[in-house]
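Since every read-out is calculated from the coordinates, none of them should be taken as a lab result. Only a predicted model underlies this, so the values are computations on that prediction, with no experimental measurement involved. Backbone-built Cβ (ideal geometry, glycine too); neighbour counts: all protein chains shown.
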Amino acid sequence: MIDVKLFEKILSDLIKSESGIRKVILVDRTGLTIAHASKFSYYPVDIDGIGAIASAVFVASEEQGKNLDIGELMLVTSEFEQGKIFAASCGKGVLCVITDSDVNIGMVRLLMKRAATELEKVLDEFLSEQTTLPATEEKTREKLKSALDKLEEF
Amino acid sequence: MISQKWIKDTIERLSSHKGVKGVVITSAEGIPLSSTLSSDETEKIAAFVTSIVDKAKKIINELGTGKLNFLTVDASKKELLIAPEKDYILVVLR
């Protein structure tokens, strides 16, 4: 059983690794927030909204890549006057990092790639657990199947 | 001003020296501009070297000892020679 706190640990390790990182959000491809970590608890942003937009931008860029046949999308960077937003693929999820404008881009990229590899494994395990049917549901399914078989015999 | 020709010439000149294992030119933001090493190693070196240069600059600024001219990281297996400039950082591995 995977502890959801494992996601938060990976995200907070990432945020502590570089001084310019303000916020880290892990979202799935549909834009739902899985976990997040902030450097300052008072930093006011709509995490779910930011995560959803980051995921949408990432998926849209991914589509561009598919149309151009230039392979898998690794990382999207958006540079603003007072900050930067990075979004990286991590399997079935998207890792979104919000930073200051003068951050070490190379370091953020490196740290994100490392965290993404780690998150991909945990996320795969987490989602496979989520989709596994409980034992009772499995039994019900078997009963239904045998009932259908009997009906077919008639 | 950094030009493609300057980068090529600098890398060739430095690589020709005896004992040089690699040359990396990175932007001050840690984005590699050119390298003789693998992309993974280049990315790692660019990221950590820019980080150490930033810290060294802060120390020098705090101590009021002028401008950072050169940095050497001497390890048991390799030596990193770091020359920070305004727009880029030149790194030699030997």
Criterion violated by A:R22 - all others in (1) assigned to a strand (DSSP E or B); (2) out of contact with any Phe, Trp or Tyr (no Cβ under 8 Å at 6 or more places or on another chain) satisfied
(2)
Residue satisfying all of: in the range B:1-57; in contact (Cβ under 8 Å) with a residue 12 or more places away in the chain, charged (D, E, K, R) and in a loop (DSSP other than H, G, I, E, B); farthest from B:E85 (Cα to Cα) among these
B:K21
Qualifying residue in the range A:99-112 (condition: touching a residue at least 60 places away in the same chain (Cβ under 8 Å), out of contact with any helix residue (DSSP H, G or I) (no Cβ under 7 Å at 6 or more places or on another chain), among the charged types (D, E, K, R) and closer than 30 Å to B:T42 by Cβ)
yes
What number of residues within the range B:58-70 satisfy the criterion of being exposed (fewer than 11 other Cβ atoms within 10 Å of the Cβ) and either within 14 Å of chain A (Cβ to nearest Cβ) or more than 15 Å from B:P84 (Cα to Cα) (or both)?
4
